[in-house]
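The values are calculated or read from the model by the stated rules, or taken from the named source; none is laboratory data. The shown structure was predicted, so the numbers you read here are calculated from the model rather than taken from an experiment. Note that each Cβ is placed from the backbone with ideal geometry, even for glycine, and that neighbours are counted across all protein chains shown.
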Amino acid sequence: MVSEVQSNMLSLLPPDLAELAFDLSAVAGSKEYCFPLSAAPAVLKILLVNGVALLGGDLWEFKNGEYYPSGENWYTESVEGELAEIREARVGATARQFFARYANAGDRRVTFVVKSNPAAS
């Protein structure tokens, strides 16, 4: 079962994106949802707009019906007192660069590491 923070994160997504989420706890022990890399930019945008504090994310491989951590990830540091607009731009740029780097590298999935989800509390 995914963490409560991950469940809250998923509740912010429209049905078409939420249905793409896969619960990694069922197969990999990770208490996170993963999304197809192709959907990651849309998920990112909605999470940022809703004030979700994203710290980073991990890349997963999907091969022969199984999920494997690739060891690749992105992260951003929290900056005390940073304006929301600046944080959103910084986190968004970092994540989009990461997504673009792996866009043509097979069937990849991504997770989002979430610090808190004030919009769904």
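Some observations on this one:
- Just one of the listed residues (G65, G106) is touching a strand residue (DSSP E or B) at 6+ places or on another chain (Cβ under 8 Å) and at pLDDT below 90, and it is G106.
- Scanning segment 56-88 for residues that are of a type in the set (G, A, S), closer than 21 Å to P41 by Cα and not in a strand (DSSP E or B) turns up S78, A84.
- Checking A21 against (1) more than 11 Å from R109 (Cβ to Cβ); (2) touching a Leu at 6+ places or on another chain (Cβ under 7 Å); (3) of a type in the set (A, V, I, L, M); (4) without any contact (Cβ under 8 Å) to a residue 40 or more places away in the chain, the condition it does not meet: (1)
- Residue in segment 4-17 that is surrounded by 21 or more Cβ atoms within 10 Å (Cβ to Cβ), in contact with a Lys or Arg (Cβ under 8 Å, 6 or more places away or on another chain), in contact (Cβ under 8 Å) with a residue 12 or more places away in the chain and not hydrophobic (A, V, I, L, M, F, W, C) present: yes
- Within segment 46-82, restricting attention to residues that are of a type in the set (D, E, K, R) and surrounded by 15 or more Cβ atoms within 10 Å (Cβ to Cβ), the residue that is nearest to the chain's Cα centre (by Cα) is D58.
- Applying the criterion of being buried (at least 16 other Cβ atoms within 10 Å of the Cβ) and in a loop (DSSP other than H, G, I, E, B) to the residues of segment 109-121, the residue that is modelled with the highest pLDDT is F112.
- In this structure, R108 qualifies as touching a residue at least 24 places away in the same chain (Cβ under 8 Å) and on the phi < 0 side of the Ramachandran plot.
- Subset of segment 95-105 that is touching a residue at least 24 places away in the same chain (Cβ under 8 Å) and over 15 Å from S70 (Cα atoms) - its residue that is surrounded by the most Cβ atoms within 10 Å (Cβ to Cβ): A95
- Under the condition of being under 23 Å from A103 (Cα atoms), not in a strand (DSSP E or B) and not small (G, A, S), the residues counted in segment 15-46 number 12.
- Some residue of segment 53-68 being closer than 17 Å to V2 by Cα, acidic (D, E) and without any contact (Cβ under 8 Å) to a residue 60 or more places away in the chain: yes
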